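Rule-based calculations on the coordinates, nothing more; no lab input. Just so we're clear, the structure is a prediction, and the values are computed from it rather than from any experiment. Glycine gets a Cβ as well: all are built from the backbone with ideal geometry, and neighbour counts include every protein chain shown.
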Amino acid sequence: MAFEGLRQNISELDENVSSYVEHSIEYARLKSFKISMVLVTYLAKVILVGTIAVLALLFLSMAASFAIGNAMDNTIYGFAIVGLVYLILGIIGYRFRDKLNKPLLKMFSEYFFDEP
C-alpha cells in the first residue's frame, strides 16, 4: 500500500518534470525568436535609414565640393577640402568608437534580460 502511493507520487513527479522541461524549452524558443526579431528589425531600419542618409550625404558633398571649387576658381580644391573634412570626421569617429559600445549594450540588454 505504501509502495503504491510512492509509485503514484513518482509518476506525478515524472509528469511534472517533463512538463517543466517542455515549457522551459518553449520559453527559450520564444525568447530567442523575440531577440532575433528585435535584431532583424533594428538592422533593417539601420540599413534603410543609412542608405538614404548616405545618398543625401553624397549629393550634399558633391554640391559643397562644386560650390567651394567655384568660389576658389579650382574644382579640385573644393573636392580636396570636402575630402579633408571627411578625413577629420573619420579620425574623430575612430578615436571615440569605444563610446558607442555602452549605449548599444544597454539597448540590447533591455530586450534580452527583460522580465516576462
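By the helix-only formula, in which each DSSP H run with n ≥ 4 contributes -39500 (n - 2.57) and the sum is divided by residues, the chain has a 222 nm mean residue ellipticity of -32500 deg cm²/dmol.
I need the calculated FRET efficiency for the pair Glu110 and Phe66, taking r as the beta carbon distance and R₀ as 41 Å, to the nearest 0.05. Calculated transfer efficiency: 0.35. Based on Cα contacts under 8 Å between residues 6+ apart, segment 29-116 shows a relative contact order of 24 percent. Placing dummy labels 7 Å off each Cα toward the beta-carbon, the span from His23 to Thr75 is 7.2 nm. In this label model, Glu15 and Tyr42 are separated by 4.3 nm, measuring between points 7 Å along each Cα→Cβ vector. Looking at segment 63-103, the chymotrypsin sites (Phe, Trp or Tyr not before Pro) that sit in a DSSP loop and have at most 12 other Cβ atoms within 10 Å of their own Cβ are Phe96. Each other residue within a Cβ distance under 15 Å of Asp14 adds +1 if Lys or Arg and -1 if Asp or Glu, for a net charge of -2.
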